[in-house]
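Report on one structure; see the data block that follows.
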Amino acid sequence: LGVICEKVGRYAERIHHPDRLLHPLRRKGPKGSGEFVRISWDDAISRIATHMKKDRDANLIEKNADGVTVNRWNTTGFLASSAAGNEAGYLTSKILRNLGVVALDTQARI
């Protein structure tokens, strides 16, 4: 009784760490250069949505070989945080499944 697991016990240390990223970054130089520039959250979300839509439009499988509607998006996967709770995992799963993402790790590890 009164014992907390190490992951949760160190959570405050993680969120207050001086090297923790607080803002989205975008690669500035060529791939592998390590050069990044800070961008706004609106720009980051818009950029992600644009790339996701382009890929989904190009690769969505609407029907299988038998003509059954499947709406699978096999070219995108998602790995949710192992530090997230059940509610976040549930919402992540619902959103991505509705987009057609098949490769989704939904295991809660708390």
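The values are calculated or read from the model by the stated rules, or taken from the named source; none is laboratory data. Nothing here was measured: the structure is a model prediction, and the numbers come from that model. Heads up, the Cβs are rebuilt from the backbone with ideal geometry, glycines too, and the neighbour counts pull from every protein chain shown. Note: areas computed on protein heavy atoms with side chains; ligands, DNA, RNA excluded. Shrake-Rupley method; radii C 1.70, N 1.55, O 1.52, S 1.80 Å.
Within segment 56-78, is there a residue that is surrounded by 12 or more Cβ atoms within 10 Å (Cβ to Cβ), assigned to a helix (DSSP H, G or I) and of a type in the set (A, V, I, L, M, F, W, C)? Within segment 56-78, not a single residue is surrounded by 12 or more Cβ atoms within 10 Å (Cβ to Cβ), assigned to a helix (DSSP H, G or I) and of a type in the set (A, V, I, L, M, F, W, C). Taking the criterion of being at pLDDT 80 or above and over 15 Å from ILE48 (Cα atoms), no residue of segment 76-86 qualifies.
Within segment 1-12, the residues that satisfy the criterion of being closer than 20 Å to GLY85 by Cβ and open to solvent by 100 Å² or more (accessible area, probe 1.4 Å) are VAL3, ILE4, GLU6, ARG10, TYR11. Which residues, counting only those in segment 14-38, are out of contact with any strand residue (DSSP E or B) (no Cβ under 8 Å at 6 or more places or on another chain), closer than 20 Å to HIS51 by Cβ and open to solvent by 100 Å² or more (accessible area, probe 1.4 Å)? Passing the criteria: LEU21, LYS31. Sort out which residues of segment 1-47 are at pLDDT below 85 and among the acidic types (Asp, Glu), and write them in order of number. Selection gives GLU6, GLU13.
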